[in-house]
Structure formats: C-alpha cells, structure tokens
Number of protein chains: 2
Amino acid sequence: MGSVIDGVLVTPLKEIENPKGNILHIMKKGDPGYVEFGEVYFSTIHNGLIKAWKRHSRMTLNLVCPVGAIRFVLYDDRPNSITSNVFQEVVLARGKNYARLTIPPGIWMGFTGISEEESLLLNFADIQHDPVEQENVPVEKSHIIFDWKDKLEL
Amino acid sequence: MGSVIDGVLVTPLKEIENPKGNILHIMKKGDPGYVEFGEVYFSTIHNGLIKAWKRHSRMTLNLVCPVGAIRFVLYDDRPNSITSNVFQEVVLARGKNYARLTIPPGIWMGFTGISEEESLLLNFADIQHDPVEQENVPVEKSHIIFDWKDKLEL
C-alpha cells in the first residue's frame, strides 16, 4: 500500500458472520487510534467524485467504510515529521479490506468513491465538528501535486 | 407509531445535502440519549429475518439505520415502569425516518429487515459488548406474545 505516514494507523477489523446478518466492529474505548469521544457521523461519496484536500488541526479521524469502497490519499507536510513529504494511499472496503484508518491532526487527506454505488464512510472523531479547526483547499488550488487519475487497485 | 415506552427516545437526525455525497449525523457527546462511550459497532439484518428478543441489563442502545429499513419492536415488562406491558414499534430508514432510537436497559427489543437489500444498523453503546449483561430469548421460546407478521408500514 506504499509508504506509511508517521502516526497513521490501519487497523484490521472483524466482521463476525451470522446467518441473519453479520456484526462488524468499529471502535471500542481504548482501541488503537482511540483518543476520546467527541462525535461520530457518516459521510457519503459518489463514484469518481473527490472530496479533497482537508486537514484538521485538532481532530483525530477514525474512518470505517461499511458500504462500497473508498480510496484515501494522505499527504504529510508537517515540517518536523520523520515522514515529511510522504504520500500514503489506503483503500477501505467491506469484505476486501475492512479496517479502521486513523489519521492524526496535521495530515492532509482526500478521498474518492471507487464503487459504482454510493460509498458510506463513518468517522469516529475525538472532538465535535468545528469549522475553525478544519482547512478545506480544493484540489485545483492546492500546493499538493497529486494525480487522482492514477488509480490504486485494492 | 403507537405507544411510547418510558425512557425510549426517537430523535430525528439531520442529513446535510452535498453534491459529492451527504453528511449524516449520528451522535455527539451530550446529545439526547448519550450516556457515555463504550463501543460502537454495526449489525446487518437480511430482509424478513428477525433478530429477537434481546434485553440488556446495563447497556443503553443508540440505534441508527443508514442503509435499508429496519422495523423495531420494543416491549416493556419492567414491573415498576409507568409503561409496563406496553409495546412500541419504530421503523428507521434513511430518507424516510432518519432518526436515532435510544433504548434504555431493561427493555425487550427485536428487529427485522424490511428492505429488499441487507439493512445496516449502527449501535452507539455506553458500555462494551458483554454477554453477561445481555439476554437472548428466541421468539418461539419467549413469554412475549407478538405477531411479527402484522407489518407496520412507515
């Protein structure tokens, strides 16, 4: 899956089979990536569309994809990071790579839907949504040079 | 939606429109129904199948349905409850009734998938999964007299 940015975690999660319907783990208090509970919410993303670039100054994101498939691109431009200027790509998809992606504050991130259906993303966050701690820079106005058309396959 | 059991909450939630993909609220710290954070997980349920009856002695459930549609039946047999012997039915479905169903400890509950596709259920719980505090009694062995074939329409 390419480089790994310092502080980013990809934690495989269990899906427990049941003939009536399965159980899928998300997060327990104290799990890897758990900081505190502030807010949990869903985002959806349509196939081929890109939500990028976003950076949080305080929020740690814990991301799970129970429907569809989502490709994430992360970029570290923290000046004192041991992985400064490193990109990391991760695809989350139930059944293929059902995992929790933990992104600490200070990392640029973007994502795109890569399944035909709408993909569903859950974010378990340590603080509540606060526009003041969130930067949003459109792809075409960003300093980050990245070609979203080079598709990473799972 | 019929009777309302003491302590049960149905809290409408916002879905915020976005052309790339919407945002759906689930739970913020301090929201109605919030007690504490212990664990959050998904269950799925297939169309027409029933997961019932279940009762927790300590866990408060906070349930959200982002995919499909789920019919819940709740039954209160707490001897000192002001709604003792009351049934309550709730249907959760994104787009139709996107809401959070809060079920306090001591209430019997069951649910069934009522959309053709598999339905997805999120439970935001105040404690971690613990089989000791959970009773599971199959429908056919329960003292609860309820005809699941009488379908509640949303």
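Every number in this text was worked out from the coordinates using simple rules, so none of it is lab data. Predicted model only: the values in this text are computed from it and were never measured. Cβ: placed from backbone, ideal geometry, glycine included. Neighbour counts: every protein chain shown.
Segment A:7-51 and segment B:2-54 have Cα centres separated by 15 Å. With label points set 7 Å from Cα along Cα→Cβ, the inter-copy distances at B:Asp147 are 6.6 nm, sorted shortest first.
Averaging 1/r over each pair of different alpha-carbon atoms in chain A and inverting the result gives 15.9 Å, the Kirkwood hydrodynamic radius. Note on A:Lys96: aspartates and glutamates with a C-alpha under 12 Å away, same-chain residues under 8 apart excluded, are A:Glu15, A:Glu153. Mind putting a number on the dipole of segment B:1-146 about its Cα centre? Charges go on the C-beta only, +1 for Lys and Arg and -1 for Asp and Glu, and I need it in Debye to the nearest 20. Its charge dipole is roughly 240 debye. If R0 equals 35 Å, the separation of the Cβ atoms of A:Lys20 and B:Asn80 corresponds to a calculated FRET efficiency of about 0.60. Computed from phi, the 3J(HN,Hα) profile of segment B:62-69 under the Karplus parametrisation 6.51, -1.76, 1.60 (θ = phi - 60°) reads 10, 10, 9, 10, x, 9, x, 8 Hz, with x in place of Gly and Pro.
Scanning chain B for the Cβ atom closest to the axis that brings B onto A yields residue and whole-Å distance B:Phe37, 2. Converting phi to 3J(HN,Hα) with the Karplus coefficients 6.51, -1.76 and 1.60 and the offset θ = phi - 60°, segment B:95-103 yields x, 9, 9, 7, 8, 10, 9, 9, 10 Hz in sequence order, with x at every glycine or proline. If you add up the charges near B:Arg58, with Lys and Arg at +1 and Asp and Glu at -1, over every other residue whose beta carbon is less than 12 angstrom from its beta carbon, what do you get? Local charge sum for B:Arg58: -4.
Please sort by residue number the GluC sites (Glu not before Pro) in segment A:27-110 whose DSSP state is loop and whose Cβ has at most 11 other Cβ atoms within 10 Å. Mind dumping the intermediate values first?
Numbers: sites: A:Glu36, A:Glu39, A:Glu89; in loops: A:Glu36.
Loop-located and lightly packed - A:Glu36.
Shown in residue order for segment A:35-46 are the 3J(HN,Hα) couplings computed by the Karplus curve 6.51 cos²θ - 1.76 cosθ + 1.60 at θ = phi - 60°: 10, 5, 9, x, 7, 10, 8, 9, 10, 10, 9, 7 Hz (x for Gly and Pro).
For A:Lys96, the point set 7 Å out from Cα toward Cβ sits 3.1 nm from its twins in the other copies, listed from shortest up. Panel order for A:Leu120, B:Leu49, by other beta carbons found within 10 Å of each beta carbon, from fewest to most: B:Leu49, A:Leu120. Between the residues A:Ile144, A:Ile107, A:Ile127, the greatest Cα displacement towards the positive end of the dipole of segment A:105-154, with unit charges on the Cβ of Lys, Arg, Asp and Glu, is found for A:Ile144.
Bridging of A:Lys51 to aspartates and glutamates at a Cα separation below 15 Å is possible for A:Glu89, A:Glu118, A:Glu135, A:Glu140, A:Asp147, B:Glu17, once same-chain residues fewer than 8 apart are set aside.
Around B:Tyr41, what is the net charge, scoring Lys/Arg as +1 and Asp/Glu as -1 over all other residues with Cβ under 10 Å from its Cβ?
On the way: positive: A:Lys14, A:Lys28; negative: B:Glu39.
Here the count lands on +1.
Label-point distances for A:Ile82 to the equivalent site in the other copies, using a point 7 angstrom along Cα→C-beta, read 6.0 nm when ranked shortest first.
What is chain A's relative contact order, in percent, from Cα pairs under 8 angstrom and six or more apart in sequence? Reported relative contact order: 36 percent. Taking the fewest neighbouring Cβ atoms within 10 Å as the starting point, the ordered list for A:Trp53, A:Trp108 is A:Trp53, A:Trp108. Residue order for A:Ser43, B:Ser81, fewest other beta carbons within 10 angstrom first, comes to B:Ser81, A:Ser43.
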